[in-house]
1. Could you tell me the ratio Rg/Rh of the range B:203-295? Both radii from Cα atoms, Rh via Kirkwood.
2. Quickly work out the C:Leu13-to-A:His361 label distance, labels modelled 7 Å from Cα along the C-beta direction, and quote it in nm with one decimal.
3. As a check on your grasp of the helix formula, calculate [θ] at 222 nm for the protein assembly as shown: sum -39500 (n - 2.57) over DSSP H runs of n ≥ 4, divide by the residue count, round to the nearest 500.
4. Rounded to whole Å and ordered largest first, report the semi-axes of the equivalent ellipsoid of the range A:249-385 derived from its Cα gyration tensor (root of 5λ).
5. From zero outward in steps of 10 Å, how is the percent of C-alpha pairs of the range B:1-115 spread across the bins?
6. As a test of the definition: which semi-axes, in Å, follow for the range A:160-221 when you take the square root of five times each eigenvalue of its alpha carbon gyration tensor? Largest first, please.
7. Between B:Cys222, B:Cys337, B:Cys47, which gets the highest mean-square fluctuation from a Gaussian network model of chain B, Cα cutoff 10 Å?
8. Give the whole-number value, in cubic angstrom per residue, of the convex hull volume spanned by the C-alpha atoms of the range C:21-160.
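Nothing in this text is a laboratory measurement; each read-out follows from the coordinates by a stated rule. Keep in mind that this is a model prediction, so the values were computed, not measured. Counting neighbours? That spans all protein chains shown, and the Cβs are built from the backbone with ideal geometry, glycine included.
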Amino acid sequence: MGERSAVIGIGQTKYDAKRIDVSMPGLCREAALAALADADLTWADIDAVVVGKAPDMFEGVMMPEMFLADSLGAAGKPLLRVHTAGSVGGSTGIVASSLVESGVFERVLCVAFEKQSESNAMWALTVSTPFSVAVIAGAGGYFAPLIRGYMRRSGAPEDTGIRVAVKDRQNALKNPYAHVKIPGVTFDQVMASPMLWDPIRYLETCPSSDGACAMIFASERATAKSPGKPAWVHATAMRSEPTMFSGRDQVNPLAGRMNAKDLYAKAGITNPRKEIDCAEIYVPFSWFEPMWMETMGFAEEGQGWKMTYEGATALDGDLPVNMSGGVLSSNPIGASGLIRFAEAAMQVRGQAGEHQVDGVHKALGHAYGGGSQYFSTYIVADHKP
Amino acid sequence: MRDVAIVSFAQSAKAREQRNEIEILMPVVREAVKASGLPRTEIDFTCSGSSDYLQGQSFAFVGALDAVGAWPPIKESHVEMDGAWALYEAWIKIQTGDVDSALVYSFGKSSPGDIAEVLALQLDPYTMTPLWPDAHSLAALQARAFLEATGKSERELAAVAARSRRSAIGNPHAVVSGEFEVEKLLAEPYVVSPLRAHDLPPVTDGASALVMVAGDRARTLCKRPVWIRGIDHRIEPQSLGARELVRSASTEIAGAKAGVHKGKIDLAELHAPYSHQELILRAALGLGESVKVNPSGGALASHPLMAAGLVRIGEAAQRLMNREGDRAVAHATQGPCLQQNLVCVLEGD
Amino acid sequence: MEIVKSIVTPVSLDYDYVTGRAQSRFLRGIAEGKILGQRCMECRRVYVPSRGACPRCAVPTEEELQVSDKGTVTTFCIVRVPSENLSFALPYACVAVLLDGANIPFNHIVQECALEDVRMGMRVQAVWAPKNELAPSMTSIRYFKPIAEPDAEFDSYKEHI
C-alpha cells in the first residue's frame, strides 16, 4: 500500500495546427517512442497503458483508444481511457502514477493526445441541442464573462492579460515542440490583435493543435534500473465540483482551492510560493494566469495579477510559470494537461534545454477542465518523498 | 493488497426512457449510497464510466455531477469506458492508500441513436468506419466463425437466449424476459445471419451504481460484504483479422490473473451482448456445467450500454450478499467482438 | 506513386433528443410565455431553467414557481469570432441574466443596445416572439433588451459571477 512512483521517461510530438504527416496511431507513437527511448525501454517493458483525451467528437472517433490499442503496445495488457474534460491530461498522469503506487504495476506508459484537425473543435464544443439557443461560442465564449468577473473583483489593470500572453509567447520561442511561435512578439502586437470574445483577444487565446505527450511512471525498483534522473512524485490531487449551481464561484472555484490545499498537505508544503521552484499551469486564455496564481495559493485573492506585473512569473522570476510557452502556445486539448505535468518533470530532470530554469528541485503541474470545475495537479521533485 | 468489499448496489433499466440521463442516474446513486450505510460526504472517491457519443454531445458526463452530490467538492474521476473500468480505477485508488471508500456509477441511453450504427464509429476511422459496419454485423462475423470452428449450431445459441429470458423473469430491470421455446425462436428470421433478434442485445437505457469499502469497516456496514478477491483486465488488437475471434484470449489472461480457478465458482455474470459470446466466455474462463451463468438474465435480457459491465459485477455481488452462493465471477466487455475484457472474482464474507 | 495523406469521411448520426421531465415542463411554460423555475427544498434557491435537481444539494427539485422575465446582467462578453452552430449574427453580446426571483443566471443575448453600452448590473427585459409563434423552445425568447431602471448594485449580484 502506498508505493512511490517516479517519472522516468517523457516524450512529446511537435505540436502544429495539422499534423497531416501522421495518422492518429503515428501521432501517439511519436510521443510514446520518444518516452521509451528517454527511459531506455522497449514496448515489452511496459506493464499497462493509460490513454487520455478529451471529447471524442474532436476526431469523430468513438473511444479511439480501442483501435489504437496495438499501436500503443497494449495488446495483452490492461488499458484504461480517462476523460475528465480539459483536465484529462493531468488525470491521465495521476491514474498512471496510481497504477504504480497501488503496487500492482512496475512501469506504466500514459499517452494523452488530440488530433483535432481531423474534426472541427469549435463545432464539437458547440454542438447544439434542440429547444436551446446556441449563445456560448466555444470555450472562449464561456470563459470571457468569468474573466470579466475577475477583472471587476480584483481591479486588475486591463493589460494584465496582454503581459501574460507576451511572456508565454516569448517562452515558446525556446521550446522546440511549441506550435505557435511569433519571433519578436511585442506587447503592442498582442494588444492590436483582434478582439474575439471581449475582453479576450486573438493573441491572448490558445491555438487549436494536434499533438501527443507520453510519460512513463515507474516503481522505486524499476526507477533504480533506469538511466536518467527521475522526477519523484510527491503528491497528486484531484477535485471536482458541479458546473453550475446557485452561488457558485467560477472565478476562484472552491474545487481548485481544495485541490491545492490537499496537494500541499500531502507534499508537506507550507509555503508554496517559496518551496515550489516553478510551475506549469493550465492557462488557455491569458487571464487565467493571475486567476490560478490565487487559486493555487501563490498569491492572496485579488493579488494574482501583481505576480505577472512584477515579473515573478517570467522565466527569470522567482516563480517562473509556463516556461514551455504553456497552453497559449500549444493546445492539443486532451494532451495539454499532461504536457503541463511533463514539462514540470522535465524541469526537475534538467531536460528543458533553452527554457530550463536553473536549480529546480520541486515543480508543480496543473490542469483544469470543464466549466473550471475539474482540477488535477501534482508535485514532482528531484528527491524521494 | 488491501481487501476491498462491495457493500451496496443499485440499478435502473428500461427499453426507452423519457427521463434524461441525470434524472435516471440520481435515484440509482441515492439508493446505492443509502444502502451502503455511509453518509455521502464520507465516501472518499467517486469514479464513473460513460460515453459522450451515446448522448451525441461533448462533455456529456459533466452533467452527471449534478446527480451525485459534488458539493462540497469531491475527489472524482471519469473513464470513457463501461462502469466496470471505473470500478477498477477506484479499486486501484484504494490500493494506493489515498482513499478508503468509493462510489462507482455508470449510465447510458442507447435509445436516442441507432446504437449499432453509433458503434461503427468505435472502429479504425481510416480503414473500417468508412464501410459503416454496424456492431450486429461484426458480431455476426464472429458468430459465423465460432459456429464453423466449434461445430456448434444456431440451436445452441437459441438455447442461451431462451435460458437467459427465463432467468430474467422476475428481474424488474429486464427489458426482455419470459418463457420462449427454442423451436419458436429458431423460426424467426435472421436479423443478420446467423444471428436472430434473440441473439442480439436489447436496446436499453439505464444506470448502475455501487459502493466499495476497504477493510473491516465493510463488515459494520453490510451483513455480508462481498470481497473483490481478484480483478484484472486486458485488451486485444481491434482489427478482426489480427486476433482469434473464436476464443477470447484477453478473457483467458484476465481470468487467470484474477484467480478464477483458485476456488469453486458458484455463479457467473458474464457480459455477453451476443448469445455466441457467452459460449466463448464460458470456455475462456473454464466454467463447467455446474456454474450458474447469468442468473439475472444477462446482457441478452437487459443491456444499458456503458453500465452493463458494472451491472454484471453488481448482480453477482448482490446474489452473494443474498447467500445464493459464496464465490462468483463477474465479467465486463467493450469494443467489437469482445476486444477488451475485465474479470473480477468475488467472495462473500 | 503519390501517397494518400488524408481522406474525408462524412459522418452523420441522428439522435432523438429527450429533454427529460423538468426541462419539458420548463419548455411548456415558455410556450405559454411563462418562465418557470424550481426551488430546492434544502437550500431554498430557485433554479431557472428548471433542471429537476439541485446540483448543490443533490436532491430532486419539485416546487415549481414562475419568475419574472425581467432581470440583471451579471456578466457578459462580446462575441466577434464565427463558430458553427451559433444562433445569432456577429458581433453580439452574450449575457448572463439573473431574473428577478431566480437564484442562478442563464445565458442569452442582448439587443436594442449598442455593444459598448452592455455592462454588468444592467437591467433587462425579455422580448418574446409574437403569441402565435410561441413554441416550447428557448427561441421563444428572441433576446433581452435594456429597460429604464437604475443599474443593480454590485453586491446584489456579485455572488453569481
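1. 1.02
2. Label-label distance for A:His361 and C:Leu13, simple model: 5.1 nm.
3. About -8500 deg cm²/dmol.
4. Taking √(5λ) for each eigenvalue gives 20, 17, 16 Å, largest first.
5. Histogram of Cα-Cα distances, whole percents per bin: 13, 47, 30, 8, 0.
6. Largest first, the range A:160-221 gives 30, 13, 11 Å.
7. B:Cys222
8. Convex hull of Cα atoms, per residue: 123 Å³.
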